Amino acid sequence: MSLRDVLLKPAYDSDEDDILSDFYIPMLSNSVSYRRLAGFFSSSALAVAARGISGLIKNGGTMKLVVGAKLRKADVEAIEKGMKNREQAIADMMIQDLDSIEAEFVRDHVRALAWMVANNKLEIKIAVPLDAHETAGDINEGIYHQKVGILSDGGNPPNSISFSGSVNESETGWLHSIEEFKVFRQWVDGEDTYVKSDIEKFEKYWNGLAKRAIVIDIPTAVRDKLIELAPESVDKLHLERHYRIGGEKRLWPHQAEAIRAWVKKGHKGIMAMATGTGKTLAALAASNLAPRSMITLILVPTDTILRQWVEKDIPSFDKSAEIICCSGDFKWRDLLPSRLAEIRRVGKNWSPSSRLYVVAMMKTASSEGFLLFWKGISEENIQVICDEVHHLGAPTYQRCTEIPSSRRLGLSATPERYWDPEGTLKTVEYIGPTIYEYSLKDAIRNGWLSHYQYFPHFAFLDRSEFDEFYRLTEEITKESSKLNQKTKKEPSQVETIELPASATFETSTRLERLCEERARIKKKAKDKIRIFREIMDSDSTRPLIVFCEDDEQLVGVRSILQDKALSFGIYTSKRTDTWQREKVLESFRNGEVEILLAIRCLDEGLDVPECRGCIIIASSSSTREFVQRRGRILRALKEKVAILNDIIVLPPKGLDTVETNVAETLVRQELERMLQLIDVADNWAEARNIVRLELKPYGMGGLANL
């Protein structure tokens with residue numbers, strides 16, 4: 001635990017910085033001593049003094065607080081006439097303020113300080129300016145208004161920092177005003193003298209040596225009042241539940257926790273957060289911990305995700321942002337080199353008026369020309385955010401890792417590259433390991449995502465489809481055996497899984513092709529259209545997303561919707577331009593169409609409008625694919641429960657003994673997806689029982705318990 005481990009800016013400005021999450025929380029979480037000159041007394045001033053205090057409390061730290069007493073004119077006159085003594089007047093004023101607390105966040109933070117007082121972790125003294133009690137004039141001319149803080153860690157000797165500036169000790173100053181303060185580090189030459197001066201200033205007031213103020217211990221009546229407010233345990237407090245990141249935005253607690261984990265790991269690592277839990281916002285907030293002299297380079301796998309960052313996410317987060325979009329026909333080839341040349345010339349002292357974001361497709365970022373632009377730029381001027389970070393491990397994108405950067409953050413609901421351990425390792429070597437996980441179960445339990453019910457429906461391969469599945473399985477087994485003999489490894493279970501085209505272990509082009517052909521049989525099973533009609537006859541959930549495999553399957557789906565006179569839009573990356581896709585989404589968003597037919601392009605990263613249900617007609621056993629599809633419907637729905645209909649493919653019944661093994665292969669493939677979707681559903685017991693009964697005729701009912 002050391003303050004030296006926390007990256008500090010020389011100054012903080014609440015117009016740009018979230019001073020709570022960027023400064024107070026990380027600093028107090030690494031401190032064991034906090035000395036504070038906090039301005040004049042009010043309950044909200046105490047709340048400001050308690051900003052980030054939970055970290056200090058967890059460390060068993062102590063605090064010394066000097067707070068001014070801004071006496072009312074009537075109190076001053078009462079003191080001069082001998083009607084009250086000074087301590088009584090101060091006590092009456094402070095107790096009245098404590099009794100009038102209304103704001104919940106003020107109450108919680110005052111109670112945190114009260115707990116520290118009750119547990120001998122906090123000492124409070126009151127500073128009264130001399131001219132405030134020696135004259136009966138305008139007392140506003142004589143108030144104690146020092147605003148200094150000193151933090152020290154548990155080192156031997158301790159490391160200390162001090163901060164001072166215009167932070168106003170009030171609720172308004174905390175949440176709404178534009179405030180700034182400077183920060184000085186005791187271990188840095190040139191800054192140490194300021195820290196020493198601030199410590200001397202604090203000790204002068206604490207020890208009653210000030211020339212223009214009398215400093216007294218907190219009145220007993222006020223101390224007793226605070227102890228009365230103190231909770232039995234700090235666990236009952238709700239400190240730092242939301243964190244400001246600019247404007248009216250707030251970080252959810254898990255987003256702030258993810259950022260703290262990233263900072264703790266040296267600004268390297270992956271946030272593995274479920275779809276819909278705010279990875280993008282957490283990443284932008286994390287990136288803003290860096291000074292403006294750092295370019296934020298955002299790498300994305302698709303044009304759709306790129307446009308979302310450029311047109312929506314960054315502008316809504318940072319209205320003053322400068323954005324260079326590196327894709328397609330954009331003029332980035334002229335803009336980027338000129339900006340980088342400026343940075344190369346100035347280096348760490350580069351100080352732009354706005355933060356610079358460079359958003360690039362991974363395909364573009366891995367090109368020779370793009371990489372050359374970054375030559376000679378210090379890693380201290382670059383931080384990288386990699387969205388859907390699992391793509392970075394693909395051989396075609398690995399050159400992106402040549403870009404120098406001192407801070408790296410990866411985002412994904414499912415960061416591992418399935419069947420590609422080498423690609424996963426490449427990603428981890430560059431970005432860092434997973435440093436924070438927030439599962440779908442966590443998000444649903446905590447109310448950030450909707451609850452959902454899962455309904456499996458069963459389609460069956462016909463005889464010709466199963467015969468082809470059987471033939472391909474035999475071919476896959478033979479090809480896998482050949483590869484295992486060449487590499488002298490134990491036989492793999494490739495014949496029982498769906499091997500993706502990106503697989504790189506013990507594989508070949510022929511094996512990949514065979515696996516793809518076999519998977520396509522399930523995805524395009526003809527009986528799925530019959531089941532889709534049955535679902536549409538019985539389920540009126542709207543709005544609704546339907547996931548299809550290809551145009552051929554789309555024909556059958558569309559004919560059913562047309563028969564029922566239902567309004568629908570088609571969203572596919574291959575047949576429509578960007579503006580057409582956006583128009584379809586907008587129609588879905590505003591209710592002009594109630595059903596969205598998606599072909600392989602709503603699985604990853606896209607921010608889909610609020611939707612109550614989905615039907616998965618075609619899906620692989622890829623965890624990433626069905627996790628992403630489930631995430632499309634789980635945005636918080638104001639206490640409504642989402643509906644997920646999934647069409648499962650089973651073999652035909654009446655198979656002979658030889659065919660049963662291949663049938664089990666197919667069932668296990670489908671179960672891998674099915675059971676993961678069931679696990680978090682509200683109706684998990686009912687859904688699992690449905691699966692068990694459906695598999696019983698095959699003699700496989702027990703597989704539902706896996």
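Taking 1 over the mean of 1/r across every pair of different Cα atoms in the stretch 289-330, what Kirkwood radius in Å do you get?
Values: mean 1/r = 0.0881 Å⁻¹.
11.4 Å is the Kirkwood radius here.
Label Ala261 and Thr660 with points 7 Å out from Cα along Cα→Cβ: what is the distance between them in nm?
4.5 nm
Using per-residue counts of other Cβ atoms within 10 Å, averaged over each peptide, order 219-230, 22-33 from highest down.
The most tightly packed comes first, giving 22-33, 219-230.
Given a cut-off of 24 Å, what percent of all Cα-Cα pairs of the stretch 319-424 lie beyond it? Could the numbers behind the result be given before it?
Working: 1440 of 5565 pairs.
Value for the stretch 319-424 (Cα pairs over 24 Å): 26 percent.
Can you tell me what share of the DSSP beta bridges in the stretch 297-388 is antiparallel? A percent to the nearest 5 is fine.
So the antiparallel bridges in the stretch 297-388 amount to around 0 percent.
Could you give the length gained on full extension between Arg4 and Ser540, defined as 0.36 nm per residue of separation minus the Cα-Cα distance, in nm?
187.1 nm
Treat the count of other C-beta atoms within 10 Å as a stand-in for reagent exposure and order Arg185, Arg673 from fewest to most.
In increasing order of surrounding Cβ atoms, one gets Arg185, Arg673.
At what distance in nm do the modelled label points of Thr62 and Lys478 sit from each other, each positioned 7 Å from its Cα along Cα→Cβ?
It works out to 8.1 nm between the two label points.
Apply 1/(1 + (r/R0)^6) to the Cβ-Cβ distance of Leu335 and Gln88, taking R0 = 51 Å, and write down the FRET efficiency to the nearest 0.05.
That gives a FRET efficiency of 0.15.
Figure the gain on full extension for Glu379 and Gln453 (residue separation times 0.36 nm, minus the Cα-Cα span) and round it to one decimal in nm.
Extending this stretch completely gives an extra 21.9 nm.
Would the stretch 526-587 count as rounded, prolate or oblate if I go by the C-alpha gyration tensor, calling it rounded below 1.5 in a/c and otherwise prolate when a/b exceeds b/c, oblate otherwise? Present the calculation step by step, with values, prior to reporting the outcome.
Values: a/c = 2.39, a/b = 1.48, b/c = 1.62.
Since a/c reaches 1.5 but b/c is at least a/b, the shape of the stretch 526-587 is classed as oblate.
Across all directions of projection, what mean area in square nanometres is found for the Cα convex hull of the stretch 252-445?
Numbers: hull surface 42.1 nm².
Spelled out: convex hull of the Cα atoms, projected over all directions, averaged, 10.5 nm².
Taking the Cα-to-Cβ direction at Ser197 and at Arg463 and moving 7 Å from each Cα, how far apart do the two end points lie in nm?
Output for this residue pair reads 9.4 nm.
At 0.36 nm per residue, minus the direct Cα-Cα distance, what do Thr220 and Val641 gain on full extension? Give it in nm, one decimal, please.
146.2 nm
Values quoted throughout were computed directly from the atomic coordinates according to the rules given, and no laboratory measurement underlies them. None of these values were measured; they are calculated from a predicted model. We place every Cβ from the backbone using ideal geometry, glycine too, and count neighbours over all the protein chains shown.
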